[in-house]
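Below: one structure, written as structure tokens.
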Amino acid sequence: MVSCLVRACEIQLTLPQVVLAASICTRSGKPLLSRQFRPMPRSRVDGLLAAFPKLIPVNSQHTTVETNDVRFVYQPFEELYVLLITNKGSNILQDIKTLSLLVRLISSLTPAMSEPAILHHAFDLLCGFDEIVSLGYKENVSLSQVRNVLEGESHEEKIQEIIARNKEAEAKEELKRRAKQLEMQRREQQRLNQASSRSSLPGGYGGGGGQGGYSSVPRYDQPPQQEYRTSSPAVSSQQQQQSQKPKFSGSGMKLGKKGKQLDLINAALGGEQDVEMDEPVYQQQYEPEPEVAAETEVSADVLEKVEQDSIHVTIKEQLSLTLLRDGGLESFELKGDLDLRITDAAQSKIKLTLSPKDYSELQFKQHPNVAKFTGSDKVIGLKDPSRSFPVGQGLGVLRWRMTSKDESNVPLNVTVWPQPRGDGTSDVAVEYELEAQHLTLKNVVISIPVPSGSLPSVTGDADWRLSGNSFVWTIDTIDSENSNGSLEFRCQGEADDFFPVSVGFAASGSLADVEVAKAVLIENGEEQTFSQERILTVDKYEIV
């Protein structure tokens with residue numbers, strides 16, 4: 001069976017002008033992604049990719065290398081290789097065009113040319129490879145056509161979605177209209193029932209009046225505690241104020257109103273039932289005010305300002321994560337950007353070098369005018385060395401993004417442990433510990449929801465307050481010297497009442513530890529002094 005597979009592979013290698021596989025591998029030959037367009041055993045592809053880096057001559061300017069059986073057409077891309085494996089009879093010019101289109105596709109689909117990014121977008125990349133190469137031959141397609149196929153947008157589907165949304169909106173409006181109509185009918189029926197019940201009272205048509213006539217009713221103030229308008233206790237404050245205002249009537253009979261019998265009764269009662277039908281009052285069930293969560297957003301203004309030099313670098317990161325109360329990380333995302341501001345035109349032609357650290361978990365994205373990273377050194381410079389950075393205004397030259405499921409990447413670990421006592425109250429233990437020792441956290445806010453109307457009893461000395469329906473604990477500074485702390489309080493409620501917990505802070509430093517090591521002039525390589533400011537803020541930090 002093995003000999004048959006090897007023989008089939010040798011036959012495929014001898015086919016004229018065909019692309020056998022498109023692959024992405026590391027500099028050491030480790031395959032990350034490979035799409036075979038002709039039947040080839042996986043062991044054969046792994047062997048070819050493992051031998052490929054060893055075949056590249058040192059300081060070679062060529063992008064092709066050959067063996068006895070196959071040809072490699074490759075292009076270095078940061079820390080990786082993008083390559084085509086073809087037979088030796090393939091058209092090399094056509095292969096170079098195919099490789100160029102593959103590289104452009106990879107750049108458009110992945111935010112950074114790194115191993116995690118390639119693995120994350122592997123499915124999209126494989127589908128794109130199949131659109132470009134079919135059975136070993138390049139299709140006559142452009143990058144925009146491939147992207148359109150991958151996105152799979154349908155005009156008819158969008159129209160159907162719009163029609164469905166319109167129908168849903170119309171149904172909601174019809175429902176509101178019918179509900180309003182039924183409420184008005186109910187109100188009218190209630191008023192008629194109240195009027196008929198009062199008509200049976202003695203003297204209901206006024207005292208002293210002759211038969212067939214009605215006497216004038218003297219003016220009087222309606223007692224504020226009486227409420228004849230509705231039997232429901234759910235009335236708004238505005239309606240209560242209106243019901244407490246005195247009513248006046250200067251005649252014994254009102255004309256021009258609907259329902260003569262009701263008008264006569266109103267006149268006999270002194271006008272206390274003078275209600276305009278054009279302005280119906282709706283009865284609604286009492287709805288308590290929504291609980292207001294405490295604000296945990298902390299501004300970076302609490303951090304110390306850095307005195308800026310003529311070359312100033314600002315590194316800003318924003319953290320968004322969700323932790324599980326029983327342990328584990330549900331989501332983690334870190335976004336950062338590097339802003340360069342130059343105020344001296346003589347220093348506008350520079351390049352920045354990041355500190356030599358492990359940035360393998362970061363997905364970098366450069367400004368369109370900034371050159372991509374090449375090699376192990378992370379150098380930030382313009383693609384055209386003759387051009388200068390803008391003077392007097394900031395320019396975002398670099399962005400990065402990091403996602404993870406590793407709980408060790410969380411900078412501040414907060415634990416909330418409620419223990420029900422069995423009498424409707426719970427003992428809640430809160431503890432924090434700084435995991436990122438290189439950061440200094442300022443104005444840390446830990447907000448824990450508590451039942452409405454409860455008053456926590458706190459053990460120990462801590463800066464806490466009640467904000468809305470939240471217990472808010474504030475810590476001024478958390479750093480390597482003051483890296484942990486705890487607090488306990490007793491409060492009404494069960495375990496689920498104290499979640500979700502929100503955390504906010506502002507920190508000096510970079511969670512990804514991105515740092516500029518030096519800034520040098522392009523002309524003479526002379527190092528320049530510069531100032532640097534690194535800020536970390538929280539967009540969302542929840543424990544659910």
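No lab work stands behind these numbers, since they all come straight from the coordinates. Nothing here was measured: the structure is a model prediction, and the numbers come from that model. Glycine also receives a Cβ, built like all others from the backbone with ideal geometry; neighbour counts cover every protein chain displayed.
Descriptive notes on the structure:
- As a calculated quantity, the FRET efficiency between residue 330 and residue 386 at R0 = 41 Å, using C-beta atoms, amounts to about 0.25.
- Under the Karplus curve 6.51 cos²θ - 1.76 cosθ + 1.60, θ = phi - 60°, whole-Hz ³J(HN,Hα) for the stretch 461-473, x wherever Gly or Pro sits: 9, 8, 8, 9, 7, 9, 10, x, 10, 9, 8, 10, 10
- Residues with amide H under 5 Å from that of residue 388, placed H, sequence gap 5 or more: none
- Inter-label distance, residue 183 to residue 513: 6.1 nm, where each label sits 7 Å from its Cα along the C-beta direction.
- Compared with the direct C-alpha span, the chain from residue 145 to residue 130 gains 4.1 nm at full extension, assuming 0.36 nm per residue.
- Neighbourhood charge, 11 Å Cβ-Cβ cut-off, centred on residue 434 and excluding it, Lys, Arg +1 and Asp, Glu -1: -4
- Segment residue 437-residue 395, extension gain: residue separation times 0.36 nm, minus the distance between their alpha carbons: 12.1 nm
- Packing rank of 486-497, 322-333, where each peptide gets the mean count of other beta carbons within 10 Å, highest leading: 486-497, 322-333
- Placing dummy labels 7 Å off each Cα toward the beta-carbon, the span from residue 527 to residue 496 is 6.0 nm.
- Fully extended contour minus Cα-Cα distance, from residue 97 to residue 196, at 0.36 nm per residue: 26.4 nm
- Treating r as the C-beta distance of residue 483 and residue 166 and R0 as 45 Å, the FRET efficiency rounds to 0.20.
- Using Cβ point charges alone (K and R +1, D and E -1), the dipole size of the stretch 13-151 about the Cα centre works out to roughly 320 debye.
- Per-residue HN-Hα couplings for the stretch 112-127 [Karplus 6.51, -1.76, 1.60; θ = phi - 60°; Hz; x = Gly/Pro]: 8, 7, 9, 4, x, 5, 5, 5, 5, 9, 4, 5, 4, 5, 5, 5
- Within the shell of other residues whose beta carbon sits under 14 angstrom from the beta carbon of residue 400, the net charge comes to 0, with Lys and Arg scored +1 and Asp and Glu -1.
- Overall size of the stretch 13-151 from C-alpha positions, given as principal axis extents largest first: 40, 30, 30 Å.
- Ordering of 507-515, 368-376, 392-400 by packing [mean C-beta count within 10 Å, highest first]: 507-515, 392-400, 368-376
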